[in-house]
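Undergrad: Before anything else, here's the structure in question.
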Amino acid sequence: MHTLIQSRWELRTLTIDRDIAQLLQARAILGGSATPAPKKAAGRPKKVVAAPVGAKPAKKKRKLSPEGRKRIADAVKKRWAAQKAAAAAK
């Protein structure tokens with residue numbers, strides 16, 4: 001039983017191989033190449049290392065002065081105090 005299944009399998013693979021060879025030969029005759037075209041790589045494209053000519057340099061990181069930081073902190077504290085007072089009044 002096992003040899004019968006194995007021989008059928010071998011016969012089927014030989015038939016498939018013959019069909020593939022015929023198709024490749026037909027493709028070559030029709031003007032196509034016998035090998036398939038390479039596929040594009042899957043996934044995200046690679047990062048371009050070189051910057052384009054005439055590109056603007058990256059902007060410098062903006063720095064906040066201590067006075068500016070204090071004004072923002074005071075405004076946030078005032079806002080939270082107002083919200084806390086409104087919640088207590090309810």
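A short reminder: the numbers here are calculations on the coordinates, not readings from a lab. Nothing here was measured: the structure is a model prediction, and the numbers come from that model. Using ideal geometry, Cβ is built from the backbone for each residue, glycine included, and neighbour counts are taken over all protein chains shown.
Undergrad: Stretched out fully, how many nm does the piece from residue 25 to residue 87 gain, at 0.36 nm a residue minus the Cα gap?
TA: Values: separation 62, 0.36 × 62 = 22.32 nm, distance 8.27 nm.
Length difference between fully extended and current span is 14.1 nm.
Undergrad: Step through the residues of the stretch 57-70 one at a time and calculate ³J(HN,Hα) from phi using the Karplus curve (6.51 cos²θ - 1.76 cosθ + 1.60, θ = phi - 60°), rounding each to whole Hz and writing x for Gly and Pro.
TA: x, 5, 5, 6, 5, 6, 10, 9, 6, x, 5, x, 4, 5
Undergrad: For each of 49, 76, count neighbouring Cβ atoms within 10 Å of the residue's Cβ, then give the residues from fewest to most.
TA: Going from least to most buried by this count: 49, 76.
Undergrad: Another question, if that's okay. Mind listing the phi-derived Karplus ³J(HN,Hα) values for the stretch 23-30, rounded to whole Hz, using 6.51, -1.76 and 1.60 with θ = phi - 60°, and x for any glycine or proline?
TA: After applying 6.51 cos²θ - 1.76 cosθ + 1.60, I find 5, 5, 5, 5, 5, 5, 5, 6 Hz.
Undergrad: On to the next question. Determine the calculated [θ] at 222 nm for the chain from helices alone, applying -39500 (n - 2.57) to every DSSP H run no shorter than 4 residues and normalising by the residue count; nearest 500 deg cm²/dmol.
TA: The per-residue figure over the chain is -20500 deg cm²/dmol.
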